[in-house]
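Here the structure comes first, spelled out in structure tokens, and everything after it is commentary.
The values are calculated or read from the model by the stated rules, or taken from the named source; none is laboratory data. None of these values were measured; they are calculated from a predicted model. Cβ: placed from backbone, ideal geometry, glycine included. Neighbour counts: every protein chain shown. We work out accessible area using only protein heavy atoms, side chains counted, and drop any ligands, DNA or RNA first. Shrake-Rupley method; radii C 1.70, N 1.55, O 1.52, S 1.80 Å.
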Amino acid sequence: MTDSEKYDRQLRLWGEDGQAKLEKSHICLLNGTALGTETLKNLVLPGIGAFTVVDSHKVAESDLGNNFFVEKKTLGQSRARVVCELLRELNDRVKGFSVEEDPVYLINNNISFFKDFSLVFANRIPETALVTLSAYLYENNIPLVVGNSYGYIGYLRVSVPEHQIIESKPDNPMDDLRIINPFKELDEATQKIELTGLNSQELTHVPYVYLMIKFIKEWKSTHDGKAPETRAEKEEFKKFFLSKSPNPDAENFAEGITNMLKVLQPYRISSDIDKLLKDEKAVNPTEQSDDFWIMVSALKSFVESHGVLPLNGNLPDMHADTCSFIQLQKIYQEKGIADLSEFSSLVDSLVSKLGKDQISSDLVKKFCKNTRFLNVVRYKSLAEEYEKPNTSVIISELEQPDNNMVYYIALRAIDKFFSTYTRYPGFHDEEVDSDLPLLKSATHALLQEHSISSDLVKDEYLAEMTRYGACELHNLSSLMGGIISQEIIKLMTHQYVPLNNTFIFNGINSTATQFTI
Amino acid sequence: MTGNSNSNGGDNSNQNERFSHLIETLGLNLFQKIQKAKILVVGAGGIGCELLKNLILSGFINIEIIDLDTIDLSNLNRQFLFRKHHIGMSKSKIAREAVLKYNPSANIVAHHGDIKSQEFGPQYFKQFDLVMNALDNLSARRHVNRVCLSADVPLVESGTAGYLGQLTVIKKGDTECFECVPTEAPKQFAVCTIRSNPSAPIHCIVWAKMLFGRLFGVADDSNAVTDMDDNIVEGTEEQNNIVRDLQLAVEKDKGYGQWVYHKVFYTDIDRLARMKEMWKEKKPPQPRLLADIDQELDNNTAEHINTAQLKDQKVWGFKENVRVFLETLAQLKQRFEKDGALSWDKDDDMALNFVVSASNIRSHIFGITTKSKFDVKSMAGNIIPAIATTNAVIGGLIVMNAINIIDGRLKDCKSIFLIEQPSNKRMLLVSEIPKPNTACYVCQKNFITIKLNTNTVKVGQLIHDILKKHLAFSLPMLTVGNDLLYESGDEDLSKEEIRARDALEQKVLSSYRMGDNVILAVEDYLQDFKVSILINHVESFGTEEENKKKEHEKWFEIVGTATAAAPFQTQPIQSITTTATAYNAVTDIDDLEIIEPTPTTPTPTTTTTTTTTTTSGKKRKEIESAPGSEDSDGSKKQKYETIE
Ligand SMILES: [Zn+2]
């Protein structure tokens, strides 16, 4: 049982189910920097299950200046242990562990250390070790999030081979009403209603759903059995519909007009869902298939026999007398239940055919109610990005003035610089001037490797990055920590669609851009 | 400067090393400006916590915090400066202590007080280089906007709602002000306000709707309004000091009505009343046994209500509410058993009666004004969720803009809107801050026209519904020509003065020198804000026929403020492309806007705006010559504490 009083606000966003997923997750943080702890802060507060901090650094004076989760009295102590203890104070329901070890050492010598985490968040890990880690996590389908807070620039990268989303929660989902293609029960109920027998008062209390279905049918009978399709036909239908209204102010008729264009749309399964249904994993389920794909496969059978997705069964509030509203609500609810039970038996038979364990009825139900909003995101691995980045995107972005892509290139070049010199450019004040040409040549080499003109990255940006000397500002880390933890919550709850795949925040002009590189 | 105890000879070099990140990135010159700057943070809630942390770790030293609230359990999922053992304590004080650890030599002053009180007028604001709003209620935000305009101090304005957030900078003459684009009246409330600490009728109405859902709706785990079998009123299992209400089981045996009544109006209230921390500054709620009510006489206001009023506009007495509650409870229970889950519908009389009676009983228990069925019907609400991640992003952006301002680069400040799903590859929508709206009655014109029927609208309606509710005045003072017609003040009034004011408020405008074409000057000295209002008499708005169909009859119109944009919920993200619309998009999380003056039952956690009026020229003179002399018992309530 979750602490519903303390978590009240967030439960309204991601529900008990999202909360349960969050409480099961164990997040690993590599390096307890300000960015690392600010990100964890926003995950510990809403109550992830556990976190582990891996860090071999000792708390330094500069940590006191930018990291909220160290204290003066802890100077010189293990940063992993110190930040772990202070983060744990935020929420007594969350378990915290610390490992005083260099993450790079673990990656190179004990990579299976990472196999049981739900997600790994890496920051300030040298490129080669990061690629090794990424490959291992990718193989095990564990999400990797890479973050960096570098002077005024924030960076975020998400990578996981396949991320499945049942509740993508789009901004303005359409109601699943099937007015244009009413199911049998809805059609029958509509036919039973005799509008001619109603007085004008009663007529204004008929839910617009009935009115629409009735009048579309009437329209069809005089238009070769076709619903209004063209703009002109829709205009004409609007007049026809309004001519049935007992008075110009009838709210139910007004609702019908408001929703007219939506409900006249021919029923269609979205291309995203169609793509899922045609996915190899849906077409040929195997005993290796996971629950999600088994359900997609069952959904495919459902669609093949009905031509439509299972009905969601929810009826939005609309103008009507209470009695007819409840009656209509019941029709939708019951059809929703019938579709669910048919879908469930399709899932059951597929499961037993494949010799798999039963899928919990709650999960099947949730899936069935959300079939319109399913989503699968497939990310590139880091190795693939570094080898074969999406150069056309990079070039077209770089060609625009003041584009944030330039910072992606700069940060990648800084990683190369670090691999060569084992320090960040400009880290020592006296080396700012001498490091700049070195960073320039690292940048040019990187661009050349991918056949990108080096003119596209102006020196002034590299000079700016060198001036930062890898400094981390608390405020920028706090902001980036907010953005990164938000994406981690999306990944852990499997709700909403996380960004794909790279995000740059520019603190100089407060802009942010997402790239698929 | 205070709190130098921790500094020693070598601290300066340590300071510089500690802030080496900042000095290198910002440069020493800007870092020094930051160390000199004086910042006011209004609100120590979700965004406030982030701000204080970010400010301290960005090198700011001189900070004042104002917050009226105390810490509640439901704050802890995001207000990270607070722990469970802080529940019931002052947010501003605890926040100050928490961040002071990170720079013991910082000069942080915490005020546990109301931003709208006299203490914090324009003179107080003038000492700051910058003000940051981290408020969740609209009327306070409008208030701070006006004071900042008056004191000519730049203001960073912000708000969050779920995954959405926004911020902008307001600088007199250079940018749009908070009121250049009017916001919709808010309808959202914090859940702790609803469940434990109601202070306005709407809070009890939202609670009653939740109770309806709990008892008769589709099972919903997120509806935690009450747990019907929980009889614990004090203590925890760990501490082994549990106190139970054993009467609950007895009442349950008597019947469904008795059980529900006892649970929500006795057991739950008793549990709240025992939380001593919560009731330090106000009267605890009074649990009411059903058995006691029969003995009582109905001493409600019903008698002196004009009998000519519509039946539904009558406010029921306490016993009447209890009777209706038990009656509808039984009826709804029957319907529920026959038809299954019900959905609340304001047009369903039984469901409405349930909410009217339940909310009024609760209001009575908490000493809140009770409402007529007519009024209850028009009031409804939702709860806007709040989470750590959004606050972190917005908090970071605010301090980023603040540093621009301190550096004298106002032109680099931006209006920013954070959206939940990246759209068109963008997660932050950034735009230039718009110029002031030349028609804005707050920062530009100081002139509006109000159309109403001067022969039917009463002075009280003008003061409370129009000036306070719609135009956000805190303490309006009305003059026509050289004559003072009406003055507000927060001193305690004598009974005669209350009666005089009540009588004046019952007068129609035309009978009190506010007829057609009169120019009325309305001034608020707390906000240092003055507006001229031209009164235009109109007989009615639309035909009677039209008005009948509408739920609220329109009875006034304000001309001279821009039209309000669509409310948040109906606004598709795609359409948020300009700051003008974005600005309206974030609604309030916890609005404690009290419209009714409640002189007889002051509630200290809200603004207790009692209103003083004058009815004769002689009296008026006294007030003019000696403001503050109205303090009848000579004692002023201590509302805020200051820690230095
Ligand atoms: Zn303005």
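Some points to look at:
- The residue list A:Thr37, A:Thr33, A:Thr52, A:Thr74 contains one member that is polar (S, T, N, Q) and within 25 Å of B:Ala386 (Cβ to Cβ), which is A:Thr37.
- Residues in the stretch B:156-184 that are of a type in the set (A, V, I, L, M, F, W, C) and within 11 Å of the ligand (Cβ to nearest atom): 5 in all.
- Output for the stretch A:343-369, where each listed residue is over 14 Å from A:Asn312 (Cβ atoms), in contact with a Pro (Cβ under 8 Å, 6 or more places away or on another chain) and crowded, with 17+ Cβ neighbours inside 10 Å: A:Leu350
- Test: residue in the stretch B:118-132 that is within 15 Å of the ligand (Cβ to nearest atom), modelled with pLDDT of 90 or more and in contact with a helix residue (DSSP H, G or I) (Cβ under 6 Å, 6 or more places away or on another chain): no
- Meets criteria (open to solvent by 10 Å² or more (accessible area, probe 1.4 Å), within 14 Å of chain A (Cβ to nearest Cβ) and more than 16 Å from the ligand (Cβ to nearest atom)) for B:Leu397: no
Residue-wise test of (1) without any contact (Cβ under 8 Å) to a residue 40 or more places away in the chain; (2) at the interface with chain B (Cβ under 7 Å from one of its Cβ atoms); (3) crowded, with 24+ Cβ neighbours inside 10 Å.
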| site | (1), (2), (3) |
| --- | --- |
| A:Glu464 | no, no, no |
| A:Gly469 | no, yes, no |
| A:Leu479 | no, yes, yes |
| A:Gln486 | no, yes, yes |
| A:Val497 | no, yes, no |
| A:Ile508 | no, no, no |
| A:Ala512 | no, yes, yes |
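- Selection over the stretch A:44-72 of residues that are more than 9 Å from chain B (Cβ to nearest Cβ) and in contact (Cβ under 8 Å) with a residue 40 or more places away in the chain gives a count of 9.
- Meets criteria (out of contact with any Lys or Arg (no Cβ under 6 Å at 6 or more places or on another chain), under 28 Å from A:Phe373 (Cβ atoms) and of a type outside the set (A, V, I, L, M, F, W, C)) for A:Asn284: yes
- Residue in the stretch A:47-55 that is over 28 Å from the mean Cα position of the chain (by Cα) and buried (at least 24 other Cβ atoms within 10 Å of the Cβ) present: yes
- Verdict on B:Cys443 being within 16 Å of the ligand (Cβ to nearest atom), within 30 Å of B:Leu30 (Cβ to Cβ) and either of a type in the set (A, V, I, L, M, F, W, C) or modelled with pLDDT of 90 or more (or both): yes
- If you filter the stretch B:429-440 down to residues that are within 16 Å of the ligand (Cβ to nearest atom) and of a type in the set (A, V, I, L, M), you find that the one that is nearest to the other protein chains (Cβ to nearest Cβ) is B:Ile433.
- Sole residue being within 14 Å of chain B (Cβ to nearest Cβ), modelled with pLDDT of 95 or more and more than 29 Å from B:Asn77 (Cβ to Cβ), chosen from A:Tyr138, A:Tyr150: A:Tyr150
- Looking across the stretch B:417-439 at every residue that is at pLDDT 85 or above and not in a strand (DSSP E or B), the one that is nearest to B:Cys177 (Cα to Cα) is identified as B:Pro436.
- Residue among A:Ala254, A:Ala298 that is more than 22 Å from A:Ala227 (Cβ to Cβ) and of a type in the set (Gly, Ala, Ser): A:Ala298
- Complete set of residues in the stretch B:50-101 that are on the phi > 0 side of the Ramachandran plot and surrounded by fewer than 24 Cβ atoms within 10 Å (Cβ to Cβ): B:Gly88
- Residues of the stretch B:129-143 that are open to solvent by less than 10 Å² (accessible area, probe 1.4 Å) and more than 13 Å from the chain's Cα centre (by Cα): B:Leu130, B:Val131, B:Met132, B:Asn133.
- Those residues of the stretch B:103-118 which are open to solvent by less than 20 Å² (accessible area, probe 1.4 Å), over 15 Å from B:Thr70 (Cα atoms) and part of a loop (DSSP other than H, G, I, E, B), in sequence order: B:Asn103, B:Ala106, B:Ser117
- Close contacts from the stretch A:316-337, counting a first residue that is at pLDDT 85 or above and a second that is assigned to a helix (DSSP H, G or I), with Cβ to Cβ under 6 Å and a gap of 6+ residues or different chains, come to A:Ile331/A:Glu185; A:Ile331/A:Leu186; A:Ile331/A:Ala189; A:Lys335/A:Glu185.
- Residues of the stretch B:446-460 satisfying the condition of being crowded, with 16+ Cβ neighbours inside 10 Å, more than 18 Å from B:Ser532 (Cα to Cα) and either within 13 Å of the ligand (Cβ to nearest atom) or touching a residue at least 60 places away in the same chain (Cβ under 8 Å) (or both): B:Asn453, B:Val457
- The residue of the stretch B:133-155 that is nearest to the other protein chains (Cβ to nearest Cβ), among those that are under 26 Å from B:Asp407 (Cβ atoms) and more than 16 Å from the ligand (Cβ to nearest atom), is B:Ala134.
- Flag not set for B:Lys445, criterion: under 30 Å from B:Ser415 (Cα atoms) and in a helix (DSSP H, G or I).
- When residues of the stretch A:286-314 are limited to those that are in contact (Cβ under 8 Å) with a residue 60 or more places away in the chain and among the aliphatic types (A, V, I, L, M), the one surrounded by the most Cβ atoms within 10 Å (Cβ to Cβ): A:Met295
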